[in-house]
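We did not get these values from a lab; they are worked out from the coordinates using the rules stated. Computed from a prediction, not measured in an experiment: that's the story for all the values here. With ideal geometry, Cβ positions are generated from the backbone for all residues, glycine too; neighbour counts draw on all protein chains shown.
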Amino acid sequence: MNETVNKYEVPKKEGSVWPDDICPAYTPRKDAIPSLKNCWYCRYADFHLKEERVLEVGICKWPKKVME
Ligand code: SF4
């Protein structure tokens with residue numbers, strides 16, 4: 001899952017994000033692994049984690065939290 005790694009200067013805000021991407025607004029969700037900081041573990045990312053099929057490319061919902 002690390003074919004694309006982007007460091008954004010600002011949140012993607014409704015844009016596509018790959019699991020390994022990150023931006024300065026990164027805020028870990030409750031079950032995030034502390035050593036891994038990326039969009040996958042970000043509260044603002046929507047990867048459909050609560051649904052049957054997770055998305056390979058998520059949507060950044062910043063400033064709206066998707067996960068706690
Ligand atoms: S999902 Fe989080 S880390 Fe990724 S671009 Fe959006 S705010 Fe930044």
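Of note:
- Magnitude of the charge dipole, the chain, Cβ model with Lys/Arg +1 and Asp/Glu -1, debye to 20: 340 debye
- Which of 14, 52 has the fewest Cβ neighbours within 10 Å, and the rest in rising order: 52, 14
- Percent of Cα pairs exceeding the 15 Å cut-off, where the set is the chain: 43 percent
- Extension reserve of the residue 56-residue 36 stretch, reckoned as 0.36 nm per residue once the Cα distance is removed: 5.5 nm
- Neighbours of residue 66, meaning other residues whose beta-carbon lies under 14 angstrom from its beta-carbon, give a summed charge of +4 when Lys and Arg score +1 and Asp and Glu score -1.
- Lys pairs, the chain - Cα-Cα below 15 angstrom, 8 or more residues apart or on other chains: 10
- Under 5 Å from the amide H of residue 46 lie the amide H atoms of 59, 60, 61, each residue being 5 or more positions distant or on a separate chain, with H modelled from the backbone and absent for Pro and chain starts.
- Derived scalar couplings between HN and Hα for segment 24-40 equal x, 7, 3, 9, x, 7, 3, 9, 5, 8, x, 7, 10, 10, 6, 4, 4 Hz in order, rounded to whole Hz, by the Karplus curve 6.51 cos²θ - 1.76 cosθ + 1.60 (θ = phi - 60°), x for Gly and Pro.
- Net length available on complete extension from residue 48 to residue 5 is 13.5 nm, with 0.36 nm assigned per residue and the Cα-Cα distance removed.
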